[in-house]
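Note sheet for the following structure.
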């Protein structure tokens, strides 16, 4: 017997674009924040935080966009080999 592990893996290939312009990066963060906060009763916005805090956070973020060209996923969720389904 040899050990085995369950796994899920996704390989995404594409072209990376880097975003180092502070205004562009802020717009991306604001859009992501708005999208993820929208369902909350009192959504938080980037503008709710002090400007010096936001500037420090943005300086620590490496922004990028991945234009996806291919996605390949694989998984193994059992040590036991799958058995074919019998046809009636």
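Just so you know, all these numbers are worked out from the coordinates, no wet-lab data involved. Just so it is clear, the structure is predicted and the values come from calculations on it, not from any experiment.
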Handout entry: Rounded to 10°, Cα long-axis angle of helix 22-37 versus longest principal axis of the chain
Key = 60
Practice task
Under a 10 Å cutoff between Cα atoms, tell me which one of 44, 18, 75 has the largest fluctuation in the Gaussian network model of the chain.
Solution key: 75
Problem - Isotropic mean projected area of the C-alpha convex hull, the chain (nm²) - result: 12.2
Exercise for the section: Counting helices only, and only those DSSP H runs with n ≥ 4, report the 222 nm mean residue ellipticity of the chain as the sum of -39,500 (n - 2.57) divided by its residues, in deg cm²/dmol to the nearest 500. Expected result: -9000 deg cm²/dmol
Problem - Potential extension, residue 39-residue 18 segment - 0.36 nm per residue separation minus Cα distance - result: 4.6 nm
